[in-house]
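Structure first, commentary second.
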Amino acid sequence: MQELTFTIQPEADGGYVAKSKLEKGSIITQGDDIKELKAMILDAIEGYFWDKPNEKPKTVLLKFEEVLALA
């Protein structure tokens, strides 16, 4: 795998959630701020690919989403 994309969403009570859909499953993690979230994403990737290091992505993309409520 060359590239893995995470969708980042802010949580209503603070912090962020990161989700990435894979062919067989997904990776979901969270952090209180962006710095912590990045560390948690890297840790989650290591955990997910621990038994298949050749499949570990070389690039990780972060895609930020924001929800706007229109009244």
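The values are calculated or read from the model by the stated rules, or taken from the named source; none is laboratory data. Please read these numbers as outputs of a predicted model, since none were measured by experiment. Positions of Cβ are generated from backbone atoms using ideal geometry, with glycine treated the same way; all protein chains shown enter the neighbour counts. For accessibility, only protein heavy atoms count, side chains too; no ligands or nucleic acids. Shrake-Rupley method; radii C 1.70, N 1.55, O 1.52, S 1.80 Å.
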- Query: Taking a quarter of the surface of the convex hull around the Cα atoms of the chain, what do you get in nm²?
  - Reply: 5.5
- Item | Share, in percent, of DSSP beta bridges within the chain that are antiparallel, nearest 5 | 65
- Mean Cβ-within-10 Å packing, highest first, puts peptides 29-39, 61-71 in the order 29-39, 61-71
- Dipole magnitude of the chain, debye to nearest 20 (Cβ charges: Lys/Arg +1, Asp/Glu -1, about Cα centre): 340
- Query: How much of the accessible area of the chain, probe 1.4 Å, is carbon plus sulfur, in whole percent?
  - Reply: 52
- Farthest towards the positive end of the dipole of the chain, among L42, L4, A69 and with Cβ unit charges of +1 on Lys and Arg and -1 on Asp and Glu, lies the Cα of L4
- In this structure, the FRET efficiency calculated for V67 and E46 from their beta-carbon separation, with R0 = 35 Å, to the nearest 0.05, is 0.70
